[in-house]
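The values are calculated or read from the model by the stated rules, or taken from the named source; none is laboratory data. Keep in mind that this is a model prediction, so the values were computed, not measured. FYI the Cβ positions are ideal-geometry reconstructions off the backbone, even for glycines, and counts take in every protein chain you see. Note: accessible area is taken over every heavy atom of the protein model, side chains too, but ligands, DNA and RNA are not part of it. Shrake-Rupley method; radii C 1.70, N 1.55, O 1.52, S 1.80 Å.
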Amino acid sequence: MSLHIESLRVDLAGNVVLRNVNIVLPEGETIAVVGRNGAGKTTLLRSIMGLIKLTSGHLLLDGRDIGTEPSHMRVGAGFGYAPEDRVIFPTLSVAQNMALPCEVQRVPKREIAQRIEAVLAAMPQLKPMLPRSGAALSGGQGKMVALARALMVGTRFVLLDEPFQGLAPVVARQYGDSLRALRQSHPHLCVVITESNASLLEDVQSTTLYIERGNVTVDHLNGQHSAPQKDMSLTT
Ligand SMILES: Nc1ncnc2c1ncn2[C@@H]1O[C@H](COP(=O)(O)OP(=O)(O)O)[C@@H](O)[C@H]1O
Ligand SMILES: [Mg+2]
């Protein structure tokens with residue numbers, strides 16, 4: 001049970017933004033996608049979510065090509081997405097923000113309550129925030145809520161776009177703790193995390209992919225060298 005991304009190409013405004021991307025997102029794994037600004041990280045996640053039309057290529061989920069299906073079907077297929085800019089609705093409470101994507105999917109109320117409980121098991125620090133207004137959240141709290149909301153529908157895949165960017169160290173540590181707790185509470189979940197600053201992911205156990213000008217590789221430097229080990233990095 002994995003998502004196979006095959007020969008993916010995405011052109012935007014006449015430019016090739018993703019070229020020949022071939023990756024597998026297996027269940028139960030955390031995959032980091034590291035690359036500098038403009039490399040194509042957000043475009044990759046938006047393509048997986050069906051928010052961008054693929055120029056060519058396939059997204060094979062259990063053998064079915066979902067690459068041509070509309071984005072609302074991703075949510076039903078168990079994909080959750082926390083965009084870079086969070087998008088927390090200020091007129092709704094935190095609990096309502098979390099429930100919203102489930103309500104759109106007509107998930108029964110009881111099931112929504114159960115999912116909130118499951119998310120709180122991994123993110124207990126959210127519990128006191130549930131009644132709070134979305135407008136009253138700090139940037140870091142907003143990122144936590146965005147993760148929680150993605151988890152409400154992301155029963156198989158959660159895609160997190162630069163979640164650590166701009167977090168204060170204490171909040172980043174909490175966020176990392178939540179990701180570790182998730183591995184325990186949602187063992188089959190595939191978590192995809194993009195980051196431009198790889199050092200922010202030091203505490204996250206993951207397989208790392210590198211993206212550079214729309215090319216995705218497992219190894220750094222276009223596959224000419226393997227990713228430097230921590231103790232070797234001083235010599236490069
Ligand atoms: N809607 C768009 N139209 C045209 N070009 C775009 C659009 N969105 C992104 N791009 C371009 O695609 C490239 C990758 O962008 P993006 O996926 O946002 O990178 P990242 O998230 O890694 O910073 C950049 O060169 C960016 O300018
Ligand atoms: Mg981006």
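Once neighbouring chains are kept in place and the probe is 1.4 Å, which whole percent of the accessible area of the chain is contributed by carbon and sulfur?
Details: 6360 of 12010 Å².
Carbon and sulfur: 53 percent of the exposed surface of the chain.
Average projected area of the Cα convex hull of the chain, in nm²?
Details: hull surface 52.9 nm².
Mean orientational projected area (the chain, Cα hull): 13.2 nm².
Could you tell me the accessible area of V75 in Å² (1.4 Å probe, neighbours in place), rounded to the nearest ten?
40
In the stretch 1-57, which trypsin sites (Lys or Arg not before Pro) are in a loop and have at most 15 other Cβ atoms within 10 Å, using DSSP for the loop call?
Values: sites: R9, R19, R36, K41, R46, K53; in loops: R36, K53.
The qualifying sites are R36, K53.
Would you mind getting the accessible area per residue of the chain, heavy atoms of the protein chains only, 1.4 Å probe, in Å²? Show your work: numbers first, answer last.
On the way: 12010 Å² over 236 residues.
Heavy-atom accessible area per residue stands at 51 Å².
Let me check something: with ligands and nucleic acids excluded, how do D62, D85, D219 order by accessible area (1.4 Å probe), largest to smallest? Could the numbers behind the result be given before it?
On the way: D62 90, D85 110, D219 55 Å².
The ranking, largest first, comes out as D85, D62, D219.
Leaving out ligands, DNA and RNA but keeping every protein chain, what accessible area does M1 have, in Å² rounded to the nearest 10, with a 1.4 Å probe?
Rounded to the nearest 10, that gives 130 Å².
How big is the stretch 159-203 along each principal axis, measuring the range of its Cα positions in Å and listing the largest first?
Principal-axis extents of the Cα atoms in the stretch 159-203, largest first: 28, 19, 14 Å.
Specify whether the C-alpha gyration tensor of the stretch 88-133 places it in the rounded, prolate or oblate class, a ≥ b ≥ c being the square roots of the eigenvalues: rounded for a/c under 1.5, otherwise prolate if a/b is larger than b/c and oblate if not. Intermediate results must be reported in sequence, preceding the final value.
Working: a/c = 2.37, a/b = 1.10, b/c = 2.16.
Oblate, because a/c is 1.5 or more while a/b does not exceed b/c.
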